[in-house]
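**Q** Submitted below is the structure of interest, expressed as structure tokens.
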Amino acid sequence: MSFGLKAYLRPTSINEATSLLAKYGKKAMPLAGGTDILVDKPSDVEFLVDITGLPLNYIKKRKEGVKIGALSTFSSVETSDLLGNGSYSILVDAARKMGSTAIRNVATVGGNICNAVPSAQFPPALIALDAKVKIVGPTGDRIIPLEGFFKGIRKRDLETGEILAEIQVPRLPPSTGTAFFSIGRSCVDISTVIVAVRVTTRKNSTCQKVKIVIGGGIGPTCFASKAGKLLQDEIIQDHLIEKVARTVVAELKPRSTSIRGSPVFKKEVAGVLVKRAIRHALMKARGAC
Amino acid sequence: MEERSIKLNVNDKIYEVEVKPYHTLLHIIRNELGLKGTKYGCGTGECGACTVLVDGKAVHSCLMLAGQAEGKKITTIEGIGTYDEPHPLQQAFVEAGAVQCGFCTPGMILSAKALLDRNPNPTTEEIKRAIDGNLCRCTGYVKIIEAIKATAKQMRRK
């Protein structure tokens with residue numbers, strides 16, 4: 001192992017963890033599941049601050065929505081009865097497609113977010129649900145929308161000493177449907193293209209809100225915002241879905257340096273998955289599945 | 001570099017070992033404890049040859065630091081059966097012809113054990129999902145799945 005590690009630290013409280021991270025600054029990195037860090041072995045990290053002993057492993061239902069501790073593993077999301085039904089099931093679908101069983105047993109939701117890579121499985125599903133993240137640090141707590149957390153590939157809105165503590169998913173209105181589709185070389189492989197869709201319809205069947213989030217493309221996530229606007233206040237029908245898919249293909253600008261698929265491939269696949277996801281989400285919104 | 005002494009509970013035995021911060025659980029199991037049943041395959045969590053159980057759950061020991069395993073119950077292939085008294089899964093793997101080169105077998109059996117401990121009557125799909133982190137380049141998986149099914153049936157009878 002070519003780590004330049006000097007120490008492995010195991011704080012027992014959030015305050016202790018943030019203090020250690022603040023003290024060692026850029027030389028320190030928080031360690032959760034470790035399934036990325038122990039593969040990447042960043043050479044500039046001298047202090048690993050193992051945060052898995054902190055009380056951040058929970059999934060709770062509250063009046064205002066669902067709170068997911070950043071240290072929840074993908075196995076716990078996958079088997080959560082609380083998330084398994086209704087529109088939150090998009091999170092279970094995303095968790096089930098994350099790596100292998102042995103990876104899901106240790107990899108955490110917070111780690112998947114903080115790694116801030118385009119292929120991350122969970123952020124598109126969370127962003128489709130308008131999730132926010134709670135960040136704790138030496139100067140206090142703050143809550144921001146997850147979509148604003150990403151500042152580029154491997155760049156996230158975390159100041160020195162801060163850690164992501166909780167994901168907050170708002171309560172979803174009735175007649176909301178969600179869908180998650182992804183494609184990779186094999187079922188356990190890292191996804192090449194990820195599509196998460198959320199649709200909320202009104203009683204007259206028009207579309208009240210739609211969110212199309214694409215992963216695996218240009219950055220940690222990106223929105224098909226132009227495509228989404230095509231559906232706003234419309235009754236979603238097949239010809240519109242086709243138009244949305246064409247717009248997604250035109251709108252997406254995948255990185256040419258991606259190792260998992262060419263831009264042309266990703267655009268075409270995204271178009272197909274968007275169509276499937278919108279149809280699936282719409283059926284769920286209408287209570288048909 | 002800071003080296004520290006930690007206690008690891010491996011196969012219900014407490015070991016006190018000196019670890020460097022970057023030592024993985026796999027490194028300690030094989031090189032300090034001498035339990036060579038756990039294999040080093042890819043070192044990146046792809047192949048599953050290093051699978052052990054941590055608090056009953058299948059985990060890639062190449063992706064876990066030794067320090068992270070402190071306070072947890074580790075089970076390796078040596079902890080579930082012996083040559084004279086094999087675990088039902090080990091016996092079934094032999095009988096079904098689910099072992100060829102044998103390199104994946106310890107990890108495969110531990111992943112299967114984690115499944116059967118919580119689900120004594122798994123479907124074929126559930127078995128496939130439980131071993132989705134364990135690569136086998138010899139058997140084509142068919143005999144492995146048969147062996148796990150046969151074990152489940154046998155264990156339910158008991």
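The values are calculated or read from the model by the stated rules, or taken from the named source; none is laboratory data. Computed from a predicted structure; not experimentally measured. Using ideal geometry, Cβ is built from the backbone for each residue, glycine included, and neighbour counts are taken over all protein chains shown.
**Q** If a residue must be crowded, with 19+ Cβ neighbours inside 10 Å and either in contact (Cβ under 8 Å) with a residue 60 or more places away in the chain or assigned to a loop (DSSP other than H, G, I, E, B) (or both), how many such residues does the range B:12-32 contain?
**A** Qualifying residue count, the range B:12-32: 4.
**Q** Could you tell me whether any residue of the range B:45-53 is over 10 Å from the mean Cα position of the chain (by Cα) and at pLDDT below 95?
**A** yes
**Q** Go through (1) under 30 Å from A:T12 (Cα atoms); (2) in a loop (DSSP other than H, G, I, E, B); (3) of a type in the set (G, A, S) for B:G67 and report which single condition fails.
**A** Unmet for B:G67, out of (1) under 30 Å from A:T12 (Cα atoms); (2) in a loop (DSSP other than H, G, I, E, B); (3) of a type in the set (G, A, S): (2).
**Q** For the range A:244-268, give me each residue that is buried (at least 20 other Cβ atoms within 10 Å of the Cβ) and either outside the structural domain of A:D189 (by TED's automatic domain parsing) or of a type in the set (V, I, T) (or both).
**A** Correct list: A:V244, A:T247, A:V248.
**Q** Kindly check whether there is at least one residue in the range B:150-157 that is at positive phi and surrounded by fewer than 13 Cβ atoms within 10 Å (Cβ to Cβ).
**A** So far as the range B:150-157 goes, no, none of its residues is at positive phi and surrounded by fewer than 13 Cβ atoms within 10 Å (Cβ to Cβ).
**Q** Restricting attention to the range A:43-50, does a residue exist that is outside any helix (DSSP H, G or I), away from chain B (no Cβ under 14 Å) and either in contact with a Gly (Cβ under 6 Å, 6 or more places away or on another chain) or buried (at least 17 other Cβ atoms within 10 Å of the Cβ) (or both)?
**A** no
**Q** If the Cβ limit is 6 Å and pairs must be 6+ apart or interchain, which residue in the range A:145-172 that is without any contact (Cβ under 8 Å) to a residue 40 or more places away in the chain pairs with which residue that is part of a helix (DSSP H, G or I)?
**A** Close Cβ pairs satisfying both conditions: A:L146/A:L126; A:L146/A:I127.
One line per residue, one yes/no per condition, for (1) crowded, with 21+ Cβ neighbours inside 10 Å; (2) assigned by TED's automatic domain parsing to the domain that holds A:A125; (3) not aromatic (F, W, Y):
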site: A:P138; (1), (2), (3): no, yes, yes
site: A:P145; (1), (2), (3): no, yes, yes
site: A:K151; (1), (2), (3): no, yes, yes
site: A:K155; (1), (2), (3): no, yes, yes
site: A:I163; (1), (2), (3): yes, yes, yes
site: A:E166; (1), (2), (3): yes, yes, yes
site: A:F181; (1), (2), (3): yes, no, no
site: A:R198; (1), (2), (3): yes, no, yes
site: A:S205; (1), (2), (3): no, no, yes
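**Q** Being over 20 Å from A:K27 (Cβ atoms) and part of a loop (DSSP other than H, G, I, E, B) is the filter here; which residues of the range A:140-168 pass it?
**A** Matches in the range A:140-168: A:F149, A:I153, A:D157.
**Q** Looking only at residues that are out of contact with any strand residue (DSSP E or B) (no Cβ under 6 Å at 6 or more places or on another chain) and in contact (Cβ under 8 Å) with a residue 40 or more places away in the chain in the range B:39-51, which one is nearest to the other protein chains (Cβ to nearest Cβ)?
**A** B:G48
**Q** Only one of B:I14, B:I80, B:I29 is touching a His at 6+ places or on another chain (Cβ under 6 Å), more than 14 Å from chain A (Cβ to nearest Cβ) and either closer than 13 Å to B:N134 by Cβ or of a type in the set (V, I, T) (or both); which?
**A** B:I80
**Q** How many residues does the range B:52-64 hold that are part of a loop (DSSP other than H, G, I, E, B), in contact with a helix residue (DSSP H, G or I) (Cβ under 9 Å, 6 or more places away or on another chain) and more than 7 Å from chain A (Cβ to nearest Cβ)?
**A** 1
**Q** Restricting the search to the range A:229-241, which residues are exposed (fewer than 15 other Cβ atoms within 10 Å of the Cβ) and either within 20 Å of A:A196 (Cβ to Cβ) or touching a Pro at 6+ places or on another chain (Cβ under 7 Å) (or both)?
**A** Across the range A:229-241, the qualifying residues are A:K229, A:Q232.
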